[in-house]
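Right, I'll just put the structure down here and ask away after.
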Amino acid sequence: MNAVEHAYAALRQGILDGTYAPGAQLAEVELATSLAVSRTPVREAIRRLHSEGLIDVFPNRGAYVRRWSRAQLDELFSVRALLEGHAAALAAHHATDEQRAAMAALCDDMDTAATPHGADIQAVAALNDRFHALVHEASDNSLLPGMIRGLIQVPVVVRTFVGYSPNRLQISMQQHREILTAIRSHDAPWAESAMRTHILSARHELDSSV
């Protein structure tokens, strides 16, 4: 792994796991020292993370881990609910047997990772991402996956799961099962409603500190 990839991977992971909290400044000199690289790889890593929406860069002020306001979260989740609900409705018509089987396997894996006696939140978040991506793919609409991907901010998803109580985490897992059942039943209105409920209920688990 070259210096740029090392800096990028380390900073991205630090944002995802909370090492660099929302609103934290990412100073090039300090980061270069802590990562044992020069400032150039750090600068390139910051540029890439900014393009992904994980970092805000302000002229004459520097780079900061992105902080989401309550209004921004409301906007983000409301648009996601519309697009992902539509994707689920289309998936009810177009999902293949292989895609439905893969969704079921992901639900099984999420149930395992979300055990009440020690949930692996990072694993749950990664599996959740794969489940939703598969629903988007199963919509058979070439535009939806890219449009939705631009709205899904991984740190927000991870922190959503971090804030879940064991009971709330199990409810989220049950919601995935309902989405899958609706898709398997070829019931587009049900699939759309189940997905929108799932997305909007996740919004309520976040607060303005994200």
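If L35 passes every condition in (1) modelled with pLDDT of 90 or more; (2) over 24 Å from I152 (Cβ atoms); (3) open to solvent by 30 Å² or more (accessible area, probe 1.4 Å) but one, which one does it miss?
Condition not satisfied by L35: (3).
From the residues in segment 1-22 that are part of a helix (DSSP H, G or I) and in contact (Cβ under 8 Å) with a residue 60 or more places away in the chain, which one is farthest from I152 (Cα to Cα)? Outline the logic, then answer.
Of the residues in segment 1-22, the ones part of a helix (DSSP H, G or I) are 3-16.
Now restrict to residues that are in contact (Cβ under 8 Å) with a residue 60 or more places away in the chain: 15-16.
Numbers: I15: 15, L16: 13 Å.
Selected residue: I15.
Count, please, the residues in segment 54-77 that happen to be surrounded by fewer than 15 Cβ atoms within 10 Å (Cβ to Cβ) and either in contact with a Cys (Cβ under 8 Å, 6 or more places away or on another chain) or among the small types (G, A, S) (or both).
3
Got a number for residues in segment 30-57 being under 19 Å from G18 (Cβ atoms) and either assigned to a loop (DSSP other than H, G, I, E, B) or among the hydrophobic types (A, V, I, L, M, F, W, C) (or both)?
Residues that pass the stated criteria total 9.
For segment 108-210, which fully contained helices (runs of 4 or more DSSP H) count at least 2 residues that are open to solvent by 10 Å² or more (accessible area, probe 1.4 Å), modelled with pLDDT of 85 or more and farther than 21 Å from R70 by Cβ?
On the way: elements: 121-138, 144-149, 154-162, 166-184, 188-203.
Passing ranges, in order: 121-138, 144-149, 166-184, 188-203.
Evaluate segment 9-19: report whether one residue or more is open to solvent by 30 Å² or more (accessible area, probe 1.4 Å), farther than 30 Å from A138 by Cα and of a type in the set (V, I, T).
yes
Output the residues belonging to segment 98-117 that are without any contact (Cβ under 8 Å) to a residue 40 or more places away in the chain and either of a type in the set (S, T, N, Q) or farther than 10 Å from F131 by Cβ (or both).
E98, Q99, A101, D108, T112, A113, T115, H117
The values are calculated or read from the model by the stated rules, or taken from the named source; none is laboratory data. Quick caveat: nothing in here was measured; it's all calculated off a predicted structure. Please note: Cβ atoms are built from the backbone with ideal geometry, for glycine as well, and neighbour counts cover all protein chains shown. With ligands, DNA and RNA removed, areas are computed over all heavy atoms of the protein, side chains included. Shrake-Rupley method; radii C 1.70, N 1.55, O 1.52, S 1.80 Å.
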